[in-house]
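Okay, so here's the structure we're looking at.
The values are calculated or read from the model by the stated rules, or taken from the named source; none is laboratory data. Note that this is a predicted model, so its numbers are computed, not measured. Every residue, glycine among them, receives a Cβ derived from its backbone with ideal geometry; neighbour counts consider all protein chains shown. Accessible surface areas use protein heavy atoms only, side chains included; no ligands, DNA or RNA. Shrake-Rupley method; radii C 1.70, N 1.55, O 1.52, S 1.80 Å.
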Amino acid sequence: MAESADTIKEIAKQRKPLSTEFDKHWGKDDVRTALWEMQHHKCCYCERERDKTRESDIEHFRPKAEVTEVADHPGYWWLAYCWENLFFSCRKCNQEYKKNFFPVADEQKRARTENCDLAEEDPYLIDPTQKDPEEHISFDWYEVKSKSDGLKSTQVFATGRTDYGKKTIEVLGLNEDELTVERAGLIQALKSLATLMNVSQLGHGISVEERAEEIRQATSAKLPFTAFRREYFRKVGLGKYIADD
Ligand SMILES: [Zn+2]
């Protein structure tokens, strides 16, 4: 890995390294497996569960060779092999939405060289290891008419609580049709569990503690769409029972 990093560094002294000049060590199985397992087999952005190799990418959070917002930016080439800059993502999020976008709150503070302090930069996109996405993104569900057949169905939409949340939703397409429908597929099960908890709270059926364990399991970080699952229980007044793993 060091070799490639050194080569890119040499090129960067002369000119902007091209995307094709990077050795793609990040695509190797050991890197992919480690990220995939760390992220509970989920895309870092949309939280869909994804097979380790099919329809998935190893994503550079800070784009390595280009920054769409700034034409003359050389790309964050010095982070190409940096573990903290790599995530497991689905191909759709990476290739159709994220691409080389990397919006920041203040362009004056954008890092342009390896000597810049990344802590100074204020990225709009949420890095799930630095910011808790749940503090920035909420979810709402309601009936909408399908564009194709005109039939009404419930869909679940991400809504930004903060500018970071709003920009992340916009850039990553977190309200694209497939996603809003996929999230909605969980509603029936979550609603049943909430109803059963209400029954337990009234002193019927199994105890509140036992039901709370079921809610914790249903909102674990190991499952797809954890952020929505947790928001569902918060919105129906059962937020105190959600998992905190
Ligand atoms: Zn995704």
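Given the C-alpha atoms of the chain, compute the convex hull and give its volume per residue in Å³. Each step should come with its number before you reach the end.
Working: hull volume 35.3 nm³, N = 245.
Looking at the chain, the number lands at 144 Å³ per residue.
Relative contact order for the range 144-211: what percent, with Cα pairs under 8 Å and sequence separation of 6 or more? Don't skip to the answer; put the middle values down first.
On the way: 44 pairs, mean separation 13.6, N = 68.
Once normalised by length, the contact order is 20 percent.
What number comes out for accessible area per residue over the chain if the probe is 1.4 Å? Units Å², please.
On a per-residue basis, 53 Å².
If I stretch the segment between Lys24 and Glu37 completely, what's the gain in nm (0.36 nm per residue apart, minus their alpha carbon distance), one decimal? Walk me through the intermediate numbers first.
Numbers: separation 13, 0.36 × 13 = 4.68 nm, distance 1.98 nm.
Going from the current span to full extension adds 2.7 nm.
Using a 1.4 angstrom probe on the protein heavy atoms only, could you order Trp26, Trp83 from most to least accessible area?
On the way: Trp26 20, Trp83 105 Å².
These residues rank, largest area first, as Trp83, Trp26.
Given labels modelled 7 Å from the Cα in the Cβ direction, how far is it in nm from Thr68 to Leu196?
The two pseudo-label positions are separated by 4.2 nm.
Which FRET efficiency value, to the nearest 0.05, do you get for Asp6 and Glu135 by plugging their Cβ-Cβ distance into 1/(1 + (r/R0)^6) with R0 = 45 Å? Kindly include the intermediate steps, with their values, before the conclusion.
Values: r = 39 Å, r/R0 = 0.87.
Efficiency for this residue pair is about 0.70.
Report, in degrees rounded to the nearest 10, the 0 to 90 angle that the Cα long axis of helix 163-172 makes with the longest principal axis of the chain.
So the helix axis and the longest Cα principal axis differ by about 80 degrees.
Identify which of Leu151, Leu18, Leu125 has the largest mean-square fluctuation in a Gaussian network model of the chain, with springs joining Cα atoms closer than 10 Å.
Its mean-square fluctuation being the largest, the pick is Leu151.
Computed over the Cα atoms of the range 26-168, what is the ratio Rg over Rh, Rh following Kirkwood?
Values: Rg = 16.8 Å, Rh = 16.6 Å.
Result: Rg/Rh = 1.01.
Who wins for biggest fluctuation among Gly185, Gly173, Gly165 in a Gaussian network model of the chain, springs between alpha carbons below 10 Å?
Gly185
What part of the accessible area of the chain, given as a whole %, is carbon or sulfur when the probe is 1.4 angstrom? Don't jump to the answer; show the numbers that get you there.
Values: 6450 of 13090 Å².
Here carbon and sulfur together make up 49 percent of the probe-accessible area.
Angle check, please: helix 2-14 long axis (alpha carbons) against the longest principal axis of the chain (alpha carbons), in degrees 0 to 90, nearest 10.
60
Pairs Lys64/Lys99; Lys92/Lys167; Lys99/Lys167; Lys24/Lys52; Lys131/Lys166; Lys24/Lys131: which exceed 21 Å Cα-Cα?
Working: Lys64/Lys99 11 Å; Lys92/Lys167 18 Å; Lys99/Lys167 15 Å; Lys24/Lys52 17 Å; Lys131/Lys166 14 Å; Lys24/Lys131 28 Å.
Cα-Cα > 21 Å for Lys24/Lys131; rest within.
From the helices alone, meaning DSSP H stretches of at least four residues, give me the mean residue ellipticity at 222 nm for the chain, per-run term -39500 (n - 2.57), in deg cm²/dmol to the nearest 500. Write out the running numbers ahead of the final one.
Numbers: 8 runs with 81 residues, N = 245.
Computed ellipticity for the chain at 222 nm equals -9500 deg cm²/dmol.
Could you work out the relative contact order of the range 2-120? I mean the mean sequence separation of Cα pairs under 8 Å and 6+ apart, divided by the number of residues, in percent.
Details: 148 pairs, mean separation 30.5, N = 119.
Answer for the range 2-120 is 26 percent.
Starting from the Cα of Ala105, move 7 Å in the Cα-to-Cβ direction to define the label point; list residues of the range 127-167 whose amide nitrogen is under 20 Å from there.
It comes to 127-138, 159-167, nothing else.
Using a Gaussian network model of the chain whose springs link C-alpha atoms within less than 10 Å, name the residue from Cys90, Cys82, Cys44 with the highest mean-square fluctuation.
Result: Cys82 has the largest fluctuation of those listed.
In nm, to one decimal, how far is the Val236 label point from the Lys13 one, both placed 7 Å along Cα→Cβ?
So the two model labels end up 6.2 nm from each other.
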